[in-house]
1. With a sphere of radius 13 Å drawn around the Cβ of residue 237, what net charge do the other residues whose Cβ falls strictly inside it have (Lys, Arg +1; Asp, Glu -1)?
2. Could you run the Karplus curve 6.51 cos²θ - 1.76 cosθ + 1.60 with θ = phi - 60° over the stretch 173-187 and give me ³J(HN,Hα) per residue in whole Hz, x for Gly and Pro?
3. Could you size up the charge dipole of the stretch 248-293 around its Cα centre, putting +1 on the beta carbon of Lys and Arg and -1 on that of Asp and Glu, and report it in debye to the nearest 20?
4. Express the accessible area of the stretch 185-238 per residue in Å², computed with a 1.4 Å probe while the remaining protein chains stay in the model.
5. DSSP loop (so not H, G, I, E, B), at most 13 other Cβ within 10 Å: list which GluC sites (Glu not before Pro) in the stretch 189-293 pass both filters.
6. Can you tell me the mean projection area, over all orientations, of the convex hull of the stretch 169-293's alpha carbons? Units nm², please.
7. What is the sum of charges, Lys and Arg at +1 and Asp and Glu at -1, for the other residues whose Cβ falls under 11 Å from the Cβ of residue 251?
8. Select from the stretch 188-293 those trypsin sites (Lys or Arg not before Pro) which occupy a DSSP coil region and have at most 12 other Cβ atoms within 10 Å, ordered by residue number.
Amino acid sequence: MDTAVATLSPQDSARRVLTVCLAALSHVDHPDAEIAAGVQEIGALWARSGGAVDDLLTVLNAMAREVDGTGTPRYEACGRLAVDLMRGFRQDAPEPEELVGPAVTVAFRTKGPADVVAAAYRGVRRSGMTCVVQGDRGHLHLPSSSQEEAMRECRDVVTGLPEHQIRMAVVHGAGSDDLACATQLLGIVGALGLPPGVYRRADVLVEHAVARSPVSSRVLRRLIAPVMESHSLRTTLAALIAEGGNRSGAADRLIIHRSTIDYRLTRIEQLTGQSPLTVKGLRVLTAAYALCA
C-alpha cells in the first residue's frame with residue numbers, strides 16, 4: 001500500500017485525499033471515529049511514502065477549494081480534516097518536527113485571498129508551521145513558547161499587510177477544540193464589526209462565554225430576535241456597538257438625525273428590556289448581537 005502511494009502523481013494523491021474528505025463531509029451518519037481514523041491513515045501513508053508536510057497541506061488547500069464548489073462554506077469541516085491529517089502524518093513521519101511542544105492556533109480572515117497571509121508567515125518561518133487556506137479565510141498552527149509571542153508575530157503580519165484588513169483570533173493549543181474555539185472567536189470579532197487586528201479570548205470574553213453556554217444562548221437569541229428582524233434597529237445597534245456606545249458617533253456613522261437614533265434606541269429598549277445607553281444594557285445587547293449577527 002505504501003509503495004502505491006509513493007508512485008502516485010501529486011494530482012492522483014490530491015484525488016485520494018479528496019475522496020476520503022468527501023466521504024467525511026457527505027455521510028453525516030458515518031461514525032466520527034471512523035472518519036477520523038480514515039483521514040489519519042491518509043496522513044500516515046503520506047508520511048511513510050516520504051511525502052513532505054508542505055506538499056500535504058498544498059493538496060489539502062486545493063481539496064478545500066474543490067469541496068467548496070457548491071458555494072457552501074466548508075471551512076470548519078476542512079479544518080477538522082487538517083487536524084486529523086496532521087495527526088496521522090506526525091505518527092508515521094520519520095522525523096516528526098511539526099507542531100512539537102507548545103503551539104497556538106490562529107484563525108484569520110482577510111479582505112482578499114488568504115494565500116497572502118500564508119505567504120507572509122512562510123517568509124519569516126523556516127519550519128514548524130502548518131497553514132490551511134480557503135478563499136478569504138484560513139487557519140494556522142504555530143509552534144510558540146507563549147500566546148504573547150504568537151500575538152506579537154501575528155501583529156507583525158497584520159500591520160505589514162494593512163491593505164488586506166486582516167482579522168486574527170489566537171488560541172493557545174493546537175487541537176481540534178482549539179481550532180473550533182479560534183474559529184468561534186473570529187466569528188464574534190466579525191459579528192461585532194471590530195477593526196482589523198489580532199484578538200484573543202480576553203478581548204471578547206463575555207460574548208465568547210455566552211456563545212459556549214446553550215442556556216444563555218437561547219435566552220439571548222429570544223431577547224434580540226425582534227431587533228434582528230428590523231433592518232433599521234439592527235443596523236442602529238450594530239453602529240452603536242461599533243462606536244463603543246457613543247450615540248453621536250453611531251448617528252454620524254448611519255448618517256441620520258440625532259432624534260432618529262434616539263427613537264430607535266428607545267424602541268430597542270422597549271423590545272428587549274435592555275437600555276443600549278447603559279453599560280449593563282449595551283453589554284447584554286452586544287453579547288446577544290454577536291450570537292445572531
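1. Details: positive: 234, 247, 253, 264, 267, 283; negative: 229, 243, 269.
Spelling it out: positives minus negatives among the neighbours equals +3.
2. Working through the residues one at a time gives x, 9, x, 5, 5, 5, 5, 4, 5, 4, 5, 5, 4, 4, x Hz.
3. Details: 6 positive and 3 negative charges, 11 e Å.
Taking the Cα centre of the stretch 248-293 as origin, the dipole is about 60 debye.
4. Values: 2680 Å² over 54 residues.
Result: 50 Å² per residue.
5. Numbers: sites: 207, 229, 243, 269; in loops: 229, 243.
Filter output for the stretch 189-293: 229.
6. Numbers: hull surface 30.3 nm².
Taking a quarter of the hull surface, the average projection is 7.6 nm².
7. Values: positive: 247, 253, 258, 264; negative: 243, 252, 262.
Summing Lys/Arg as +1 and Asp/Glu as -1 gives +1.
8. Working: sites: 200, 201, 212, 218, 221, 222, 234, 247, 253, 258, 264, 267, 280, 283; in loops: 200, 212.
Loop-located and lightly packed - 212.
The values are calculated or read from the model by the stated rules, or taken from the named source; none is laboratory data. Only a predicted model underlies this, so the values are computations on that prediction, with no experimental measurement involved. Glycine also receives a Cβ, built like all others from the backbone with ideal geometry; neighbour counts cover every protein chain displayed. For the accessible areas, the whole protein counts, side chains as well, though only heavy atoms, and no ligand, DNA or RNA atoms are used. Shrake-Rupley method; radii C 1.70, N 1.55, O 1.52, S 1.80 Å.
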